[in-house]
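Note sheet for the following structure.
The values are calculated or read from the model by the stated rules, or taken from the named source; none is laboratory data. This one's a predicted model, so the numbers in the text were calculated from it and none came from an experiment. Here Cβ is always computed from backbone atoms with ideal geometry, including for glycine, and neighbour counts include all displayed protein chains. Side chains included, ligands, DNA and RNA excluded: accessible areas come from the protein's heavy atoms. Shrake-Rupley method; radii C 1.70, N 1.55, O 1.52, S 1.80 Å.
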Amino acid sequence: PQDVVDEAVKECWVNTPPDEFIGPGTRRIWEAANDLGMPWAKLYRHVDFAKCKVGCEECMVICRRGAKWTGKVFAEEAVGYGATLLTHVKVRDVIIENGMASGVRAIGRNGQRYEINAKVVICSAGGVHTAEILKHSGLHEAGSWFTGDPTSFSFGFVEEGKGNGFEHTMTVGYNDKEHGVLFSAMLMPYLGWHLQFIQDEKLRAVMKLLRFRKALSLFAKVSDEGIGRVTLDGKVSKTFTQRDWARVENGRVTGERILVKAGCNPYDLHHTGLTLAHPSGTVRVGKLVDTNLETPIRNLYCCDTSVFPEAPGRPPVLTIVILAKRLARWLETIA
């Protein structure tokens, strides 16, 4: 329902960045892409920009100003209403009695064991670990599928001016639905960029490690076909199909065109390896959960990226919150 969407948008601080948060390097990429006929625009972020600082790139790892929305906001609210929050505790499996979920078994950081009883169990351990928990609970089909968004960065070095380091990330971008690629302007934080560069290009990277301020970077995130699995011990196996690689290549080639148009040296362009963002689809709707997100075990629900029927192709936070609110309403009707 639209009111659920509107409620989630408001509570998750969804908005677009003010102009002053779009740095000069990012703006160069934006303008270059538009000149090439790609309708880049501001992206929605989960950020309270009134608390944020222009030029801050910390939100990739941590936000010390409380400007970035995370699930911690809801957790703290729940505790305020009387919920018990256990930290450093890992759920191993679901307690099942007479075909119904009745709680969970968990283990603490110091080896302390827990058995927590509940009328309803909602598994929200993420695209990988939700499948692991369900496997340990007897749903062996969990993790038979595994999808996500393979992501690679493309970057070059501008001849004049500065790149887009030390700028707020992912403020602008473009979702190319025709080719299944999401683009956004982003240079990894200082230390992360150097480590990634060395990992990908070894000694070739050494001579360019002091050129961070000249680096101009964007990423291409593609949605894959979901070939992979999660094992009983939580390990993953992933295969990219011919179509997946075609999308990756399209993203890299397009990224190069944008970077050259933005002023990068065409003979000094680089691409990182792939990172699988947003692991999803391991207990997907229509396969292992129904449209109310309930598993074959009564009163056991899943609510995270694991239930996605296909790769999200974009950041999934808002979708997860909307699903959670929809599930909460459903549980109210059957309570």
Quiz item: Just wondering, is there one or more residues in the stretch 66-84 that are part of a loop (DSSP other than H, G, I, E, B), more than 30 Å from residue 253 (Cα to Cα), open to solvent by 30 Å² or more (accessible area, probe 1.4 Å) and among the aromatic types (Phe, Trp, Tyr)?
Solution: yes
Self-check item: Subset of the stretch 156-175 (residues that are surrounded by fewer than 19 Cβ atoms within 10 Å (Cβ to Cβ) and more than 16 Å from the chain's Cα centre (by Cα))
Solution: 159, 160, 161, 162, 166
Quiz prompt | Unmet requirement for residue 229, which otherwise passes all of (1) crowded, with 18+ Cβ neighbours inside 10 Å; (2) under 20 Å from the mean Cα position of the chain (by Cα) | solution = (1)
Quiz item: Is there any pair with a first residue in the stretch 122-150 that is without any contact (Cβ under 8 Å) to a residue 40 or more places away in the chain and a second that is open to solvent by less than 30 Å² (accessible area, probe 1.4 Å) whose Cβ atoms are under 6 Å apart and which are 6 or more apart or on different chains, and what are they?
Solution: none
Quiz item: Which of the following residues is in contact (Cβ under 8 Å) with a residue 40 or more places away in the chain, surrounded by 11 or more Cβ atoms within 10 Å (Cβ to Cβ) and not in a helix (DSSP H, G or I): 52, 59?
Solution: 52
Quiz prompt | Filter result for residue 301 (surrounded by 14 or more Cβ atoms within 10 Å (Cβ to Cβ) and either in contact with a Leu (Cβ under 9 Å, 6 or more places away or on another chain) or over 30 Å from residue 333 (Cβ atoms) (or both)) | solution = yes
Quiz item: How many residues are open to solvent by 60 Å² or more (accessible area, probe 1.4 Å) and in contact with a strand residue (DSSP E or B) (Cβ under 8 Å, 6 or more places away or on another chain) if we restrict to the stretch 28-49?
Solution: 4
Quiz item: Hey, does the stretch 238-257 have a residue that's open to solvent by 50 Å² or more (accessible area, probe 1.4 Å) and under 30 Å from residue 90 (Cα atoms)?
Solution: yes
Practice problem: Could you tell me which residue of the stretch 181-212 is farthest from residue 316 (Cα to Cα), considering only residues that are exposed (fewer than 15 other Cβ atoms within 10 Å of the Cβ) and of a type in the set (Lys, Arg)? | Solution: 204
Quiz item: Of the numbered conditions (1) farther than 22 Å from residue 194 by Cβ; (2) within 15 Å of the chain's Cα centre (by Cα), residue 275 satisfies every one except a single condition; which is it?
Solution: (1)
Quiz item: So how many residues does the stretch 230-244 have that are of a type in the set (Ser, Thr, Tyr), out of contact with any Lys or Arg (no Cβ under 6 Å at 6 or more places or on another chain) and assigned to a strand (DSSP E or B)?
Solution: 1
Quiz item: Taking the stated definitions as given, is residue 271 open to solvent by 50 Å² or more (accessible area, probe 1.4 Å), under 30 Å from residue 32 (Cβ atoms) and at pLDDT 95 or above?
Solution: yes
Quiz item: Under the condition of being at pLDDT 95 or above and open to solvent by 40 Å² or more (accessible area, probe 1.4 Å), which residue from the stretch 99-110 is nearest to residue 328 (Cα to Cα)?
Solution: 100
Quiz item: Restricting attention to the stretch 117-127, does a residue exist that is touching a Pro at 6+ places or on another chain (Cβ under 8 Å), on the phi > 0 side of the Ramachandran plot and at pLDDT 95 or above?
Solution: yes
Quiz item: Can residue 280 be described as more than 28 Å from residue 158 (Cα to Cα) and touching a Ser or Thr at 6+ places or on another chain (Cβ under 9 Å)?
Solution: yes
